[in-house]
Amino acid sequence: MYAVVRTGGKQVRVSPGDSVRVEKLTGEVGQRIELDEVLLVGGEGDLKVGKPTVDGAKVLGTITAQDRHPKITVFKMKRRKGYRRKQGHRQSYTEVHVDEIQP
């Protein structure tokens with residue numbers, strides 16, 4: 001069984017037992033979390049597609065980490081103008097272990 005969940009402005013395909021990194025969610029490590037914006041549920045015969053979400057479907061998981069991705073460098077330059085800007089960025093994420101999908 002699998003599901004497509006919308007979280008943080010992105011869509012993620014999840015299955016029970018998966019660990020996925022999504023945009024930062026509120027909560028502590030070890031806390032149970034419920035993702036209720038399920039767009040699609042499939043895997044056991046028929047496919048349930050939501051309009052826009054599947055009614056009553058939930059993805060239950062546990063927060064395993066609250067961390068930040070490695071640093072990226074943002075460098076802007078205009079040649080022959082003396083314009084240079086260097087900036088770094090680290091995006092925060094939440095790692096969720098998917099326990100079960102309720103269709």
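Among the residues of the range 47-94, write down those that are under 19 Å from SER19 (Cα atoms) and of a type in the set (Val, Ile, Thr).
VAL59, THR62, ILE63, THR64, THR94
Identify, please: which residue in the range 68-103 is surrounded by 13 or more Cβ atoms within 10 Å (Cβ to Cβ) and not polar (S, T, N, Q) and is, among those, farthest from ARG13 (Cα to Cα)?
TYR93
Where a number appears in this text, it was derived from the coordinates with a stated rule and is not lab data. Everything numeric in this text was worked out from a predicted model, so none of it was measured. Neighbour counts are summed over all protein chains in view; Cβ atoms, including those assigned to glycine, are modelled from backbone coordinates with ideal geometry.
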